[in-house]
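**Q** I have a structure I would like to understand better, so I am pasting it below and will then ask my questions one at a time.
The values are calculated or read from the model by the stated rules, or taken from the named source; none is laboratory data. Since this is a predicted model, take the numbers as computed values, not measurements. For neighbour counting, all protein chains shown are included, and Cβ atoms are generated from backbone atoms with ideal geometry for every residue, glycine included.
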Amino acid sequence: MWSKWFFPAQETALLVLVAALGLDYLLADPWGWPHPVRVMGAVITVGQRYILNSCRTARAQCWGGAVLTLLLVLGSYGLGWGLVAVGNWVHPGVGILVQVVLMASCLGGRSLRFAALEVLQPLQAGDLQQARQRLSRYVGRDTEHLSEPEILRALLETVAENTPDGATAPLFYAFLGGAPLALAYKAISTLDSMVGYRRAPFTHLGRVAARCEDGLTWLPCRLTVLTLALLSRDPWSFWDHCRQDAQADPSPNSGWSEAAFAWRLGIQLGGTNVYQGQPIEKPKLGIPSRPLSPQVVLESLQLLRQILLIWAGGMMGVLLMLRFLALG
């Protein structure tokens, strides 16, 4: 009796997961196409303007940010659930297609690769100005005067920092709750990237969103580091190095992921970054066993692909095991 109801759910979940990963790999996020994150960004822009104009005190801005976070997360989850429900009402195949498209829109592994290669192309051609301009689309630091090594470091830190919140965490939540939960996480991640800053004017407005994103990314980030540790020669030593380096970083997650990439690639990340003209010293992560180069950036993208393949294989294995147990 149980298998009658449980088996189709696992079969559908496996199909959706495989198809969504394939769609993300083939198309990523084409410019100009409708995308949930663009809708989220538009809502956040309107919401933050209203809060900053209407809420004058720190407490009021914090509460405004909390309400914006709640509404965006619930709205994203509800919209995802509603679209899937409508698709299933039309036809089960349409429901599966809607799930695949929504889930693929939340997976950012391929987009992260495209972003890195877009900057790397003019850099390798010797066009520093073009590389700086393209890099400014993806990082918060000032890029106008970055040297080639600093551009390479920014690229590597972007890949390392965004692997959990842009690739593995969405996949993690898609596995747990399908497209609606993946969209809810993406809403938190988008909020954090737009308003989750300690500097004005978002110091108080983005506090709740930043803390929610930190909490939701905590486990996927550690699992990402664990994956890289298992790929190393000495997993225990690798984990300990990452733990020690991450303690120096104020972020509960980015320090871990950046340290993991740094130790795995044999490089050192961190140093002085400039934000809106203000220099900020970031902790040094890893060890400079080799200089930064375009080849190292390509290797970091290979690591990202390996992580996603391992995670996808593990998740498919779990779904197949549940299917087997349901039939048993």
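**Q** Select, from 201, 235, 252, the only residue that is farther than 24 Å from residue 152 by Cβ, of a type outside the set (Lys, Arg), surrounded by fewer than 17 Cβ atoms within 10 Å (Cβ to Cβ) and touching a Leu at 6+ places or on another chain (Cβ under 7 Å).
**A** Residue meeting the stated conditions: 201.
**Q** Cβ-Cβ distance below 6 Å, separation of 6 or more or different chains: which pairs start in segment 138-149 with a residue that is more than 13 Å from residue 278 (Cα to Cα) and end on one that is assigned to a loop (DSSP other than H, G, I, E, B)?
**A** Close Cβ pairs satisfying both conditions: 149/292.
**Q** Quick one: in segment 255-290, of everything that is crowded, with 16+ Cβ neighbours inside 10 Å and polar (S, T, N, Q), which residue is nearest to residue 221 (Cα to Cα)?
**A** Checked segment 255-290; the qualifying residue nearest to residue 221 (Cα to Cα) is 257.
**Q** Then there is this: Residue 80 - would you say it is assigned to a helix (DSSP H, G or I) and more than 21 Å from the chain's Cα centre (by Cα)?
**A** no
**Q** If we scan segment 87-97, do we find a residue that is surrounded by fewer than 16 Cβ atoms within 10 Å (Cβ to Cβ) and under 17 Å from residue 170 (Cα atoms)?
**A** No, the conditions are met nowhere in segment 87-97.
**Q** Can you name the residue in segment 26-51 that is in a helix (DSSP H, G or I), under 26 Å from residue 304 (Cα atoms) and touching a Leu at 6+ places or on another chain (Cβ under 9 Å) and is also modelled with the highest pLDDT among such residues?
**A** Out of the qualifying residues, it is 40.
**Q** Another question, then. What pairs come out if I take residues in segment 203-215 that are under 11 Å from residue 62 (Cα atoms) and at pLDDT 90 or above and pair them with residues that are of a type outside the set (D, E, K, R) and not in a helix (DSSP H, G or I) whose C-beta lies under 7 Å away, six or more apart or interchain?
**A** 209/196
**Q** If you take just the helices (runs of 4 or more DSSP H) that sit entirely in segment 92-197, which of them hold at least 3 residues that are within 27 Å of residue 263 (Cα to Cα) and acidic (Asp, Glu)?
**A** 148-163
**Q** Something else about it: Quick test for you: out of 70, 83, pick the one residue that is crowded, with 17+ Cβ neighbours inside 10 Å, of a type in the set (A, V, I, L, M, F, W, C) and either without any contact (Cβ under 8 Å) to a residue 12 or more places away in the chain or under 20 Å from residue 23 (Cβ atoms) (or both).
**A** Criteria check complete, one pass: 83.
**Q** Pairs under 9 Å by beta carbon, first residue crowded, with 20+ Cβ neighbours inside 10 Å in segment 114-130, partner not in a helix (DSSP H, G or I), six or more apart or different chains?
**A** As it stands, the answer is 115/137; 115/138; 116/138; 119/137; 119/138, since those pairs meet every condition given.
**Q** With 166, 140, 178 as the choices, which residue is at pLDDT below 95 and at positive phi?
**A** Unique residue meeting the criteria: 178.
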